[in-house]
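Trainee: Quick one: structure below, then a few questions.
The values are calculated or read from the model by the stated rules, or taken from the named source; none is laboratory data. Here the structure is a predicted model, which is why all the values come from computation and not from measurement. A quick note on method: Cβ atoms are made from the backbone with ideal geometry, for glycine too, and the neighbour counts reach across all protein chains shown. Note: areas computed on protein heavy atoms with side chains; ligands, DNA, RNA excluded. Shrake-Rupley method; radii C 1.70, N 1.55, O 1.52, S 1.80 Å.
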Amino acid sequence: MAVTGNGQGAAHGTGRDPVPGNGPLAGVRVVELAGIGPGPFAAMLLADLGADVVRVDRPGGGGLAVDPAFDITNRNKRSVLVDLKSADGPARVLDLVERADVLIEGFRPGVAERLGVGPADCRARNPLLVYGRMTGWGQAGPLAHTAGHDIAYIAVTGALGMIGGPGEPPAVPANLVGDYAGGSLYLVIGVLAALQHARTPGGSGQVVDAAIVDGTAHLTAMIHGMMAAGGWQDRRGANLLDGGCPFYGTYETSDGQYMAVGALEQQFYDTFVDLLGIKDQAPARKDLARWGELREAVAARFKSRTREEWTAVFEGTDACVAPVLSLSEAPHHPHLAARGTFTEYGGITQPAPAPRFSATPSTVTSGPARPGADTGSVAADWGVPALLGKEA
C-alpha cells in the first residue's frame with residue numbers, strides 16, 4: 001500500500017476527471033505537440049501547476065513503448081487526436097494555438113515548420129504566443145539536425161564525465177541530468193519568463209529555444225567556478241562533491257545495502273565520526289594525504305551493521321547521513337510519507353506535484369491522458385468544434 005500524506009501532494013482517484021485550473025497557473029492554456037521525454041515532462045509540470053494542457057497526439061501513437069495508462073508524465077492533461085500530415089491537421093492545431101498562451105514542441109529543427117505549425121504560422125494567428133522548443137542540440141549548430149539522447153547531450157557538456165569513480169567508466173544517471181534537469185526544467189523556466197513578458201504592457205510572444213546541452217552546461221556553473229579557482233580537479237572521484245571525499249559518498253552495509261554520507265561541515269563531521277564510532281581513530285579530515293586511510297576506516301565500520309541498524313543510529317541527527325533507498329522504498333520513508341512527497345492516483349504511486357504553494361496548492365486531478373479521450377471536452381471548452389469534424 002502506497003504511503004500518502006495530508007499535505008497538498010496527497011490525492012486519490014480511480015480514473016480520469018480533468019479539472020483544469022487547479023494551482024497557480026490556473027487560466028493558462030498550453031498546447032503540447034506529442035513527443036517523448038523532456039517535452040512531456042515539462043508539460044506535466046505546467047499541468048501540475050494548474051495550466052490547462054492539451055496534448056495533441058498523433059493517430060497510432062509513437063515514441064517509446066509505454067502503456068498510456070501508466071505514463072505519469074501525461075497526468076493532469078487532456079488529449080486530442082490530430083494527424084498533422086492530413087490536409088486539415090495543421091488548421092486544427094492552429095485553431096487551438098489561437099486560444100492558447102503557450103505551445104510546446106520537441107521536433108527536430110525545421111519539422112514543425114514543414115508541418116505548418118512552426119513559430120511563424122502560430123504567431124501569425126496569436127502574436128502573444130510563447131512558443132517553447134525542446135531539443136537536445138538546440139535549433140542551430142553543427143549537430144542541430146542530428147539524432148541523440150540524454151547520454152550524448154550530457155557527455156559533450158562535461159557533466160557525464162564528472163560522475164563515477166576514479167579509473168571507472170562514467171556512471172549513467174538515468175535520464176535525469178539531461179532530459180529533465182537540463183531540458184524540461186529550463187524549458188519551463190523559459191516559458192514562464194516569456195509568458196511574463198508577453199503579459200507585460202507592450203510585451204509580445206516569442207520563441208524559447210531550450211536545448212538540453214545548454215541547460216546541462218548551465219548546471220555545471222559552480223563546478224566551473226571551483227575549477228577556475230583551483231578547487232576542483234578535472235577528473236572523476238577526486239573532488240569534494242564527486243565521491244572523492246571520504247565524508248561525502250556512499251558506503252556498503254553488512255546486508256549489501258548502502259548509506260549516503262554528506263558530512264561536509266566540521267560540526268556535522270564531528271557528529272558523524274562520533275556516532276559512527278571512529279572518533280578516536282579517524283585521521284584529520286583536512287589531511288588529504290590520509291583520505292584513503294579515512295575512507296577505509298569509514299567503510300569498515302559501515303560493513304559491521306545493516307542499513308536498518310545504521311539508519312537507527314543516524315536518524316534525526318545532524319550527521320548528514322541517510323539510507324540509500326530504492327524507488328519502491330522511497331514512498332515509505334517516514335519524512336516523505338509525512339510530507340506527502342509521493343501520492344497515489346488511479347492505483348499508481350507517483351511523485352506528488354512540486355514545489356508547494358500556500359495560496360494556490362496543486363495536486364493530481366487526473367491520471368495519464370489517453371490519446372484522443374478528451375476531444376469532446378476540449379472542443380467545447382476551447383471553442384474549437386473542428387476537432388470533432390464540425391465547422392465553427
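Trainee: Can you run the Rg to Rh ratio on the stretch 348-392? Use alpha carbon positions and the Kirkwood inverse-distance Rh.
Mentor: The Rg/Rh ratio comes out at 1.17.
Trainee: Here's something else I'd like to know. Would you mind telling me which residue in VAL213, VAL130, VAL172 has the biggest mean-square fluctuation in a Gaussian network model of the chain, where springs connect alpha carbons within a distance under 10 angstrom?
Mentor: Looking only at VAL213, VAL130, VAL172, the biggest GNM fluctuation is shown by VAL172.
Trainee: Rule-of-thumb check for the stretch 109-201: C-alpha Rg over 2.2 N^0.38 Å?
Mentor: Compared with the compact-globule rule of thumb, the stretch 109-201 sits at 1.37.
Trainee: Highest first, please rank the peptides 381-388, 278-285, 96-103 by the mean number of other Cβ atoms sitting within 10 Å of their residues.
Mentor: Packing order, densest peptide first, comes out as 96-103, 381-388, 278-285.
Trainee: Using the C-alpha gyration tensor of the chain, what are the square roots of 5 times its eigenvalues, in whole angstrom, with the largest one first?
Mentor: 45, 25, 17
Trainee: A further question follows. Quickly estimate the mean residue ellipticity at 222 nm for the chain, helices only: each DSSP H run with n ≥ 4 gives -39500 (n - 2.57), and the total goes over all residues, rounded to 500.
Mentor: The helix-only estimate for the chain comes to -8000 deg cm²/dmol at 222 nm.
Trainee: Which ³J(HN,Hα) values in Hz, rounded to whole numbers, follow from the phi angles of the stretch 35-47 under the Karplus curve 6.51 cos²θ - 1.76 cosθ + 1.60, where θ = phi - 60° and Gly and Pro get x?
Mentor: Calculated HN-Hα couplings, in order: x, 10, x, x, x, x, 5, 4, 5, 4, 4, 5, 5 Hz.
Trainee: Once phi is turned into θ = phi - 60°, what whole-Hz ³J(HN,Hα) does the Karplus curve with 6.51, -1.76 and 1.60 give for every residue of the stretch 199-212, x standing for Gly and Pro?
Mentor: Residue by residue, the stretch 199-212 yields 8, 7, x, x, x, 8, x, 6, 9, 10, 9, 9, 10, 4 Hz.
Trainee: Okay, moving on. Starting from a Cα-only point model with no solvent, please compute log10 I(q)/I(0) by Debye for the stretch 85-143 at q = 0.12, 0.19, 0.29 1/Å.
Mentor: Relative scattering, expressed as log10 I(q)/I(0), comes to -0.28, -0.67, -1.26.
Trainee: Further, regarding this structure: Per the Kirkwood definition applied to all pairs of different Cα atoms, how many angstroms is the hydrodynamic radius of the stretch 253-392?
Mentor: 19.5 Å
Trainee: Can you list the residues, at least 5 places off or on another chain, whose amide H is less than 5 Å from the amide H of TYR345, using H built in the peptide plane?
Mentor: GLN350
Trainee: Give, in whole angstrom and from largest to smallest, the semi-axes √(5λ) of the equivalent ellipsoid of the stretch 45-167, with λ running over the eigenvalues of the Cα gyration tensor.
Mentor: They are 29, 19, 15 Å, listed from largest to smallest.
Trainee: What's the ranking of 178-185, 54-61, 135-142 by average number of surrounding C-beta atoms within 10 Å, highest first?
Mentor: 178-185, 54-61, 135-142
Trainee: So, one more: Accessible area per residue, 1.4 Å probe, Å², for the stretch 150-251: what's the number?
Mentor: Each residue of the stretch 150-251 exposes 48 Å² on average to a 1.4 Å probe.
Trainee: In addition: Computing the accessible area with a 1.4 Å probe over protein heavy atoms, can you report the carbon and sulfur percentage for the stretch 223-283?
Mentor: In the stretch 223-283, the share of accessible area belonging to carbon and sulfur is 46 percent.
Trainee: Semi-axes of the stretch 180-322's equivalent ellipsoid from the Cα gyration tensor, sqrt of 5 times each eigenvalue, largest first, rounded to whole Å?
Mentor: Result for the stretch 180-322: semi-axes of 42, 19, 13 Å.
Trainee: Tell me, what ³J(HN,Hα) does each residue in the stretch 238-245 have, in order and in whole Hz, if you take phi through Karplus 6.51 cos²θ - 1.76 cosθ + 1.60 with θ = phi - 60° and put x for Gly and Pro?
Mentor: Karplus values, whole Hz, x for Gly and Pro: 10, 10, 4, 10, 10, x, x, 8.
Trainee: For the stretch 227-270, state what percent of all Cα-Cα pairs lands in each successive 10 Å bin, counting from 0 Å until the bin that includes the largest distance.
Mentor: 26, 42, 27, 5, 0
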